[in-house]
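Undergrad: Below you'll find the structure I mean.
The values are calculated or read from the model by the stated rules, or taken from the named source; none is laboratory data. Since this is a predicted model, take the numbers as computed values, not measurements. Every residue, glycine as well, gets a Cβ built from its backbone with ideal geometry; the counts of neighbours run over all protein chains shown. Only protein heavy atoms, including side chains, enter the accessible area calculation; ligands, DNA and RNA are left aside. Shrake-Rupley method; radii C 1.70, N 1.55, O 1.52, S 1.80 Å.
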Amino acid sequence: MNDQELHRVVQYVTASTSYGRDTVADILRTGLGELSALATHSTTIFERDALLEYVSQWTMKRTGQPEPLVREVLGCAGRWLDEVYDALAKRQPEALKLKANDEDDSEVQ
């Protein structure tokens, strides 16, 4: 995710919630940054729900923000989080127990 995309998600979440832009930006930068780091450096296999739970907990600890706030902001940014998750699935499908392209399943015997 580049800076322009991050700026768009910050704007979207800020407009959709009652939280300040700086708070939203900090939570999203932290959570999405960790998710991106996992995508490029981790060899651990994650289920989607476990991955999002980890990112939420990690973000709460790093930012010091309360759980309801972090979960609401990350939940509101779900579309962008799903894009990051999908990118991870395409780059490292074995890390998510997925195939990079489900259509290829029909061709493999």
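Undergrad: On the full set of protein chains, 1.4 Å probe, figure out the accessible area of T44 and give it in Å² to the nearest 10.
TA: T44 exposes around 70 Å² with every protein chain in place.
Undergrad: Next question, about the same structure. Take the Cβ-Cβ distance between R8 and T43 as r, set R0 to 25 Å, and report the resulting FRET efficiency rounded to the nearest 0.05. Walk me through the numbers on the way to the answer.
TA: Details: r = 31 Å, r/R0 = 1.24.
So the FRET efficiency works out to roughly 0.20.
Undergrad: Using a 1.4 angstrom probe on heavy atoms only, work out the carbon and sulfur share of the accessible area of the stretch 3-92 in %. Provide the component values of the computation, followed by the final result.
TA: Values: 2430 of 5040 Å².
Here carbon and sulfur together make up 48 percent of the probe-accessible area.
Undergrad: Also, I was wondering about something else. So, in nm, how far is label S18 from label R91 when the simple model puts each one 7 Å beyond its Cα toward the Cβ?
TA: The answer from the label model is 3.7 nm.
Undergrad: Based on alpha-carbon atoms only, what is the radius of gyration of the stretch 3-92 relative to the globular estimate 2.2 N^0.38 Å?
TA: On the way: Rg = 12.4 Å, N = 90, 2.2 N^0.38 = 12.2 Å.
Cα Rg divided by the expected 2.2 N^0.38 Å: 1.02.
Undergrad: OK, next. If you take every residue apart from N2 with its C-beta less than 13 Å away from the C-beta of N2, what net charge results, scoring Lys and Arg +1 and Asp and Glu -1?
TA: -1
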